[in-house]
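The values are calculated or read from the model by the stated rules, or taken from the named source; none is laboratory data. Values in this document were obtained by computation on a predicted structure and should not be read as measured data. Counting neighbours? That spans all protein chains shown, and the Cβs are built from the backbone with ideal geometry, glycine included.
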Amino acid sequence: MGSLLCKHSGGLASVSRVLILSAHVSHLDRRIVAEANALAFSGRDVTLASVPVLLHHSGLDPRVHIVMPAEKKAGKMHKLRRLAMRLPRPLFGVVRRAQFFLGAGPAKWHRDFFLQTVRENGFDVIHCHDLHTVPAGLALREKISPEAKVVYDSHELFACTTGGRLRERYWSCVEREYIAEVDLVITANESIACELARRYKINEPEVIYNSCEAEPEHPPLSSEAFRRHFGAPEGGFKVLFQGNLSDDRNLSNLVGAFAQLNGAAQLYLLGDGPANDTLQRTCRRRRTGNVFFGDQVPQDELLRYVARADLGVIPYRGEESLNHLYCTPNKLFEFIEAGVPVCASDLPELRRIVAENGIGAVHPMGTADQIAAAIRDCRVRCERGEFTAAARQAARETYSWKGQAKKLLAFYGQLEQ
């Protein structure tokens, strides 16, 4: 194994050279950054190989070595993928279905990309983020580091995200072929771990939550600065949804609910995505005056905005996909870290974390009427003080990134024995 030595877990320990693979487009997922930072902080020699993304404000530890080609050198398939993602949603769907139907799947694209991009050898652990990098990680082990251990870090039920049966069939076949070849599988919650074990007859994966790393101390964001970002007036009960504004997140019903709520609450949509323009047009057409849109903010600024909300909302519908049914999205842990009560769909993991810890409530959210009723209920309960500061602080401690980082390093310690 690795030859470096560092003080780790209370004494000297042998540490490894770690190669992290990321194929997330546009930006690095927060989970990737947090895990890379934890590994680098432990003294391990960490290299991140990624498709071209923006790294500004990513929060990545400067000790992490970056291997990332410029956009123009990233290869034909990466460029075609980026171009396809700019197509209108219906046309993009047609192109994606054709790709899977013809067998021209992205698993091969990413394998070829990383085989061309990673030139070093001698890694002890190859950490693959999400399924589309696993074939690449195994190919790199065979080519450059035959003794390396391979980690499959499944952020979600990758094969079961929205995208149609061809996509699901393709990724299920990839997962079935490769999951038994890796040395460690970790995932984002217990429901996903159980489903992966059931599907592929493997040992139940280990769980590391998408907890939010506490940011360096920043002065609180002023109420005026928050309102200015959204162009909103003063006052009102502020309900926040942050993240990607996509068609599969039930946002049309969320906006429709606030058309019913009028002055009872205000909705703040913080972020961008393919549904942004449609949602804004809907609000203008309906003359909805209590929904406000704000551009996404850097990750290291996000919690300052989240903390200004009175309530966080997660309106996902389980029937969208099995992945949605078992979701624990990043925003859940951002709300927890910021101490904001949560109004969430009644889905298994959200019920377990939100309702059972007393930090919010879960409700059916399949329609605009149901969401409006849920917001009304949560506002009343917030005003009664039901979601106590003590409960929110306890949840913050339970789901802190510090605790998740300790689990990650313990898993690595076992791999390195």
Any pair with Cβ under 9 angstrom, 6 or more apart, that starts in the range 280-294 at a residue that is over 18 Å from Asp247 (Cβ atoms) and ends at one that is surrounded by fewer than 19 Cβ atoms within 10 Å (Cβ to Cβ) and among the hydroxyl-bearing types (Ser, Thr, Tyr): Thr288/Thr282
Conditions (1) part of a loop (DSSP other than H, G, I, E, B); (2) under 18 Å from the mean Cα position of the chain (by Cα); (3) modelled with pLDDT under 95; (4) not hydrophobic (A, V, I, L, M, F, W, C); number of the one not met by Asp248: (1)
Selection status of Phe258, within 30 Å of Arg284 (Cα to Cα), part of a helix (DSSP H, G or I) and aromatic (Phe, Trp, Tyr): yes
Gly137 being in contact with a Gly (Cβ under 9 Å, 6 or more places away or on another chain) and farther than 28 Å from Ser400 by Cα: no
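Residues are listed down the side, and each one gets a yes or a no for (1) surrounded by 21 or more Cβ atoms within 10 Å (Cβ to Cβ); (2) basic (Lys, Arg); (3) closer than 22 Å to Ile336 by Cα:
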position: Glu215; (1), (2), (3): no, no, yes
position: Gln242; (1), (2), (3): yes, no, yes
position: Leu251; (1), (2), (3): yes, no, yes
position: Val255; (1), (2), (3): yes, no, no
Residue within the range 383-393 that is closer than 22 Å to Gly256 by Cα and not in a loop (DSSP other than H, G, I, E, B) present: no
Qualifying residue in the range 219-226 (condition: buried (at least 17 other Cβ atoms within 10 Å of the Cβ) and among the charged types (D, E, K, R)): no
Residues located in the range 328-376, provided they are in a loop (DSSP other than H, G, I, E, B), closer than 25 Å to Gln260 by Cβ and either touching a residue at least 40 places away in the same chain (Cβ under 8 Å) or in contact with a Cys (Cβ under 7 Å, 6 or more places away or on another chain) (or both): Pro329, Val340, Pro341, Leu347, Met365, Gly366, Thr367
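Among Asp377, Asp346, which is over 21 Å from the mean Cα position of the chain (by Cα) and of a type in the set (Asp, Glu)? Give the steps one after another, and end with the answer.
On the way: Asp346 fails: over 21 Å from the mean Cα position of the chain (by Cα).
Selected residue: Asp377, the only one of Asp377, Asp346 that is over 21 Å from the mean Cα position of the chain (by Cα) and of a type in the set (Asp, Glu).
One line per residue, one yes/no per condition, for (1) over 21 Å from Phe113 (Cβ atoms); (2) in a helix (DSSP H, G or I); (3) modelled with pLDDT of 95 or more:
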site	(1), (2), (3)
Arg141	no, yes, yes
Ile186	yes, no, yes
Cys212	yes, no, no
Glu215	yes, no, no
